[in-house]
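Below you'll find the structure, written out as structure tokens, and then a few comments.
Coordinate-derived values only; no laboratory data. These figures come from a predicted structure and were not determined experimentally. Here the Cβ positions follow ideal geometry from the backbone for every residue, glycine too, while neighbour counts run over all protein chains shown.
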Amino acid sequence: MIHLPLLTTKSNISLHYMASLHGSGMKDTGSLQAPPYNQRKEKKMTEQNMAHKKTHNRQRRPMRRLGLRMTRIGRKLRHWFRWMRFLRVLRYLWPLRYLKRLDRYIIKKFIGTYIFSIALIISISIVFDYNDNLSKFTQFHAPWRAIIFDYYANFIPYYANLFSPLFVFIAVIFFTSKMAGNSEIIAIISSGVSFKRLMRPYMISCVLISALSYGLAAYVIPKGNIVKQNFEAMYKNKRKNTQADNVQLQVDRGVIAYIQHYDNIRKQGFGFCLDKFENKRLVSHMTASSIQYDTIADTKYHWKAQNWKIRKMNGMREIITSGVERDTLIQMEPIDLVFSKGQQETFTSPQLKEYISKQIDRGSKNIAQYEVEYHKRIASSFASFILTTIGISLSSRKRKGGMGMYLGIGLALSFAYILLQTVSATFSINAGMPAMLAAWIPNILFAIVAYVCYRNAPQ
């Protein structure tokens, strides 16, 4: 029997471990000893942290690139701003820079009262107009879309601009009387502000109102009037004048056209005659059974004559030519042949100026209503300055009775201004008064009244 020495090394422990496994019938899995649970957990958490860190870095990479790009853009912008310091001068051109707190207060209240008065009166006018025309709208089956967008969408700016002097006067008297009743006017004047200085924010507001009024009258309202008149002709049975008889028109210097009957719907005239004179002597005579205006031609004044004949006089000799159809240029348009009521209100100001100039070159004298309309648009835009001066001068004093008396005076003066405009325009059209004088007479007379009121205002 051989006795082996006692082994205390790891190999001895391994031998005993293997012998125990052999005796118990268990198999060795190949590992000597399983690691502890804490070590396994720490290893797993380390691997998870490494994976998370890689994912996080991968996600943050585009943000880093964006940040670097924005930094470069910011540096370039700062570089350009250093070279654009001279633009600081533009801040001195900003108009609100020169307005004091008092100016902003008065402008805000004045414009607000003006808009409120327009909204109130126009809404009442719409209600009354709708009640008057409801039966016609129902009779002719007017659709709601046409009533709203074709009729009332053009009804509002037309009447708002027509009664703009009234709204300005009401706004001035209402707001200023309220300030005077609350002793605000007295406090402002006592603080050293003169009446002339007090009028500055009112005049600034009038500049805005006048610019808006002229823009509407010159460019917006004429286009809307065309749509409104077409609606009235279709759904209110207000038939437009589409025919004319025995039309004689001077189309050029020494050239006179005559049409026995003209139909504006078909753009066709019957019984046409064209005479040309030189030194008061007839040199050419053209006749045609009918003429047709070419609406698709590239040029204006393009007419087609049917069954035409031309006689040219050369002393005692005559040359006669004729044909079935002939294209010719005649310095006239369908708008020159048929005149309907309110036609001048459908022209914009540049179109009115062009039309008046064309008629003057032709030698036509029937242009009074067009000239009055052209000058009235300019004169009416200045009415806000005159009526505002009158309103401030009347309502800046604190008196017993409140603003009722001032509102009555304002309404009377406003209606007087509108009535005077109508009367002077009638005198210009029917009595031969110069159109410019007729348009500016209301402004001249009321400017005198404004000056007298200003001199009597509290200074």
DSSP-assigned coil residues among chymotrypsin sites (Phe, Trp or Tyr not before Pro) in segment 295-343, each with at most 15 further Cβ atoms within 10 Å:
TYR301, PHE339
Local electrostatic count, PHE116, Cβ distance below 15 Å [Lys/Arg +1, Asp/Glu -1]
+3
Given the candidates LEU282, GLY315, THR299, the one whose Cα lies deepest towards the positive end of the charge dipole of segment 243-338, counting +1 at each Lys or Arg C-beta and -1 at each Asp or Glu C-beta, is GLY315
Return the sequence-ordered ³J(HN,Hα) values of segment 167-183 in whole Hz as given by the Karplus equation 6.51 cos²θ - 1.76 cosθ + 1.60 applied to θ = phi - 60°, using x for Gly and Pro.
5, 5, 4, 4, 4, 5, 5, 4, 6, 5, 4, 5, 5, 5, x, 8, 6
Rounded to whole Hz, the Karplus (6.51, -1.76, 1.60) HN-Hα couplings of segment 151-163, x for glycine and proline
9, 6, 5, 9, 5, 5, x, 5, 6, 5, 6, 5, 9
In whole Å, what are the Cα extents of segment 243-338 along the three principal axes, biggest one first?
42, 26, 25
Output for segment 329-372: trypsin sites (Lys or Arg not before Pro) sitting in coil per DSSP, at most 14 other Cβ within 10 Å, listed by number, reads LYS341, LYS365
Using a 7 Å offset from the Cα along the Cα-to-Cβ direction at both GLN292 and SER357, what is the distance between the two label points in nm, to one decimal?
3.4 nm
List, in order, the whole-Hz ³J(HN,Hα) value for each residue of segment 345-358 obtained from phi through the Karplus relation with A = 6.51, B = -1.76, C = 1.60 and θ = phi - 60°; use x for Gly and Pro.
7, 9, 9, 6, 4, x, 5, 4, 4, 5, 5, 5, 4, 5
